[in-house]
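In what follows, a structure is listed as structure tokens, so that the remarks can point back to it.
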Amino acid sequence: MVPNEQLVVLHEDPLFVVVNKPSGVLSVPGLGEANQHCITRMVRDAYPQCIEQPSVHRLDMDTSGLMVVALTKASHRTLSIQFQNREPKKRYVALLEGELQEASGRIELPFRLDIDNRPIQIYDEVHGKIGITRWENLGIENGMTRVAFFPETGRTHQLRVHAAHEKGLGIPIVGDPFYGTGTGPGQLKLHACNLSFDHPETKECLSFESEAPF
């Protein structure tokens with residue numbers, strides 16, 4: 001049993017857990033005492049055997065969905081290498097603020113941190129690093145568009161920038177407080193629906209799903 005009711009565990013293994021992160025919750029601790037509530041802290045509280053630094057990848061605070069969290073040093077090392085090498089397969093679903101006409105495509109945009117307006121990311125052809133995302137139009141819903149994203153890189157705010165920027169889809173994700181019309185945390189309609197990676201010990205390919213709550 002998981003003592004913290006806020007922690008939704010979808011899969012337990014002696015080496016790791018797969019959890020469903022709510023929108024508005026940090027993946028890892030932030031700066032200051034007020035920003036210590038996060039997924040990795042919740043996992044450590046629920047699993048006393050968990051290592052001190054269990055994070056192998058992160059979701060934005062406003063993004064919901066699947067995260068894998070290591071419980072041991074060996075699994076942390078193996079899983080971290082997989083994510084560094086971009087081996088895991090990821091699928092996200094989002095709602096865009098407007099109607100997108102194209103059926104599918106691939107976005108390549110160079111962007112970087114705006115050092116004067118953290119954590120905002122800005123388009124920069126000279127100093128930016130390339131982010132790559134494949135996408136599919138899943139249909140129009142009441143003037144909004146449901147889109148599937150398949151990120152090939154894992155840059156900060158990548159999907160949010162790729163959706164909102166005019167050189168991307170040109171339509172921000174619903175509820176985005178940084179790149180759209182969202183007014184606060186927990187409103188972003190972006191969910192990590194599918195995550196596949198290799199078991200850190202057996203090397204078996206594992207795949208997990210979480211339905212978008214919107």
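Which whole-Hz couplings ³J(HN,Hα) result when phi for each residue of the range 47-56 is put into the Karplus expression 6.51 cos²θ - 1.76 cosθ + 1.60, θ = phi - 60°, listed in order with x for Gly and Pro?
The phi angles translate into 10, x, 7, 5, 5, 5, 10, x, 6, 10 Hz.
Can you give me the Cα centroid spacing of the range 51-120 and the range 184-214 in angstrom?
Each part's Cα centre sits 10 Å from the other's.
At 222 nm, what helix-only mean residue ellipticity would the chain give, in deg cm²/dmol to the nearest 500, using -39500 (n - 2.57) for each DSSP H run of four or more?
-3500 deg cm²/dmol
Ordered by packing density, taken as the mean number of other Cβ atoms within 10 Å over each peptide's residues, highest first, how do 10-20, 190-200, 122-132 rank?
190-200, 10-20, 122-132
Along Cα→Cβ, 7 Å out, is where each label goes; now give me the distance between the ones at residue 8 and residue 114 in nm to one decimal.
Output for this residue pair reads 3.1 nm.
Rg and Dmax of the chain, using alpha carbons, in Å: what are they?
Final numbers for Rg and Dmax: 17.2, 51 Å.
Hey, any idea what Rg/Rh is for the range 8-87, computing Rh the Kirkwood way over Cα pairs?
0.94
May I ask you to order 149-160, 101-112 by the average number of other C-beta atoms within 10 Å around their residues, highest value first?
Highest mean packing first, the order is 149-160, 101-112.
With +1 on the Cβ of every Lys and Arg and -1 on the Cβ of every Asp and Glu, and nothing else charged, how large is the dipole of the chain about its Cα centre, in debye rounded to the nearest 20?
Approximately 420 debye in magnitude.
Greater than 22 Å separation of Cα atoms is the criterion. Which listed pairs, 90/129; 89/167; 89/189, meet it?
Beyond 22 Å between Cα atoms: 89/167.
Can you list the HN-Hα couplings for the range 198-214, worked out from phi with the Karplus curve (6.51, -1.76, 1.60; θ = phi - 60°), rounded to whole Hz and with x for Gly and Pro?
Per-residue couplings from phi come out as 8, 4, x, 10, 7, 6, 5, 6, 10, 9, 10, 10, 9, 5, 5, x, 9 Hz.
Quick one: compute the contact order of the chain, relative version, from alpha carbon pairs under 8 angstrom and 6+ residues apart, as a percent.
20
To the nearest 20 Debye, how big is the dipole of the range 92-190 about its Cα centre, given +1 on the beta carbon of each Lys and Arg and -1 on that of each Asp and Glu? Walk me through the intermediate numbers first.
Details: 10 positive and 13 negative charges, 60 e Å.
So the dipole magnitude of the range 92-190 works out to roughly 280 debye.
Would you kindly derive the ³J(HN,Hα) couplings of the range 104-111 from the backbone phi angles with the Karplus curve 6.51 cos²θ - 1.76 cosθ + 1.60 (θ = phi - 60°), listing them in order in whole Hz, with x for Gly and Pro?
6, x, 9, 10, 10, 10, x, 8
Over the range 92-190, how many percent of alpha carbon pairs lie in each 5 Å bin up to the one with the longest distance?
Calculated over all Cα pairs of the range 92-190, the distribution is 3, 15, 25, 26, 19, 9, 3, 0 percent.
Each reported figure results from applying straightforward, stated rules to the coordinates on display, with no laboratory input. Fair warning: this is a prediction, and the values are worked out from it, not measured in the lab. A quick note on method: Cβ atoms are made from the backbone with ideal geometry, for glycine too, and the neighbour counts reach across all protein chains shown.
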